[in-house]
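For reference, the structure discussed in these notes is given below.
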Amino acid sequence: MFLLQLIGEAAFIAASLTLGAKLVLLWRRTREVPELAIGLSFLLGGGIAYLAWFALAVGAARGASASLLGPVLLLGLVCTCLGAIANGVGIARIFRPGARWPLPLLGGLALWMAGAAAVGAVSAPERASVAFWAGILAILPIYGWAAGEALVLARTLHRRARLGLADPVVVNRFAQWGVSGVIVVLMTSLSFASRLLHGPLMPPGISALNAGLGVVAAAAIWLGFFPPRALRERLASAYAS
Amino acid sequence: MADSPVFDRACSELEQRTSLDRLAARGTIRIALKSAGLDVAGVNAAQMGVVLRKVLPAELATRGIEDAEAVCAAIANLLAGMSFEVAQDRAAEAAATIARFGS
């Protein structure tokens with residue numbers, strides 16, 4: 001079970017860190033906000049935060065002290081929240097350029113997350129757990145929004161691509177990005193449900209399901225943003241016919 | 001948001017060249033654009049040309065318009081020779097940004 005969890009988490013972390021680094025490097029050339037925001041989102045929310053969650057799970061299973069696990073928990077929470085806000089900024093710039101409504105939405109969520117992190121940092125363990133989940137759950141509307149925008153646009157561009165009016169590789173990228181966003185929402189919701197029903201230690205079945213979702217999310221990120229030549233050719237021929 | 005001038009011109013040409021009235025011409029082209037993933041506010045001449053050649057003939061045929069392909073081709077040729085100012089639509093802008101992510 002540990003091996004399965006390791007594979008799932010490692011695949012998701014590696015894909016997130018690789019894509020995040022790629023986009024931040026792209027930003028150094030273009031200086032455009034979307035690549036910086038989405039790059040930071042993958043680096044912080046997908047890469048570093050999930051590294052922290054993995055370290056936390058290993059530490060808890062081995063009976064590490066609360067004084068050791070506390071800072072790791074806080075690091076994971078802060079990276080998750082910063083990653084989600086960065087994701088929201090990127091999504092707003094990519095899908096809703098010029099719109100004003102995302103600003104108060106993201107500002108409100110950022111304040112909520114900051115409050116949760118501050119309460120979690122200074123509270124006793126039981127109250128800190130409530131604050132922790134209050135912060136984590138605030139990422140759901142952002143990733144849900146991102147997944148929805150990406151999947152809706154994938155559908156629109158799929159119709160265009162059938163007529164040669166859009167690039168099939170980009171259609172695939174939107175679709176895979178949307179799938180990875182849906183999986184982040186599922187993984188977070190599953191972890192929360194497990195915490196409510198089973199306490200801090202995740203049962204093996206849920207852990208295996210989460211690991212499987214991590215592998216699917218990693219595959220979606222990889223196929224969307226680093227598509228192998230065979231996939232690109234298959235997409236081109238599928239739309240050409 | 002206002003309709004694209006390309007859409008307006010295509011509609012008026014279709015109305016003149018067929019038995020469709022204004023409402024039917026606009027509605028038919030709207031349906032064709034929607035099935036192509038395009039919208040009336042942001043469609044440009046190149047996109048409309050593709051829709052006129054590949055999508056609209058079938059829509060007109062179902063409405064009993066004779067020689068639909070020739071009518072559509074004539075409108076597409078007319079639009080191709082004209083210049084319009086149409087801003088890039090939201091989907092195309094987003095696609096251009098995400099295309100950059102793969103570079």
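The values are calculated or read from the model by the stated rules, or taken from the named source; none is laboratory data. A quick note: this is a predicted structure, and the numbers were derived from the prediction, not measured. Backbone-built Cβ (ideal geometry, glycine too); neighbour counts: all protein chains shown.
Just one of A:Arg31, A:Arg62 is without any contact (Cβ under 8 Å) to a residue 24 or more places away in the chain, over 24 Å from B:Ala92 (Cα atoms) and basic (Lys, Arg); which is it?
A:Arg62
So the check is Cβ under 6 Å with 6+ separation or different chains; which pairs have a first residue in the stretch B:48-68 that's surrounded by fewer than 14 Cβ atoms within 10 Å (Cβ to Cβ) and a second one that's polar (S, T, N, Q)?
Correct list of pairs: empty, since none qualify.
Within the stretch B:9-27, is even one residue modelled with pLDDT of 95 or more, of a type outside the set (Phe, Trp, Tyr) and under 18 Å from A:Arg160 (Cα atoms)?
no
Quickly run through the stretch A:170-205 and pick out the residues that are more than 14 Å from chain B (Cβ to nearest Cβ), part of a helix (DSSP H, G or I) and either in contact with a His (Cβ under 7 Å, 6 or more places away or on another chain) or surrounded by fewer than 16 Cβ atoms within 10 Å (Cβ to Cβ) (or both). Quick ask: steps written out before the conclusion?
Of the residues in the stretch A:170-205, the ones more than 14 Å from chain B (Cβ to nearest Cβ) are A:179, A:182-205.
The next check asks that each one be part of a helix (DSSP H, G or I); those that pass are A:179, A:182-198, A:204-205.
Within the stretch A:170-205, A:Ser189, A:Phe192, A:Ala193, A:Leu196, A:Leu197, A:His198, A:Pro204, A:Gly205 meet the criteria.
Taking the stretch B:56-103, which residues are closer than 22 Å to B:Glu13 by Cβ, at pLDDT below 95 and of a type in the set (D, E, K, R)?
If the condition is that a residue be closer than 22 Å to B:Glu13 by Cβ, at pLDDT below 95 and of a type in the set (D, E, K, R), then B:Arg63, B:Glu66, B:Asp67, B:Glu85, B:Asp89 are the ones that fit.
For the stretch B:8-101, which helices (runs of 4 or more DSSP H) that fit wholly inside it have 1 or more residues that are more than 13 Å from chain A (Cβ to nearest Cβ)? Give the steps one after another, and end with the answer.
Numbers: elements: B:22-35, B:45-54, B:56-62, B:68-80, B:90-100.
In the stretch B:8-101, the matching helices (runs of 4 or more DSSP H) lie at B:22-35, B:56-62, B:68-80.
Check whether at least one residue in the stretch A:56-73 is under 16 Å from the mean Cα position of the chain (by Cα) and either more than 14 Å from chain B (Cβ to nearest Cβ) or hydrophobic (A, V, I, L, M, F, W, C) (or both), and report yes or no.
No, there is no match, as no residue in the stretch A:56-73 is under 16 Å from the mean Cα position of the chain (by Cα) and either more than 14 Å from chain B (Cβ to nearest Cβ) or hydrophobic (A, V, I, L, M, F, W, C) (or both).
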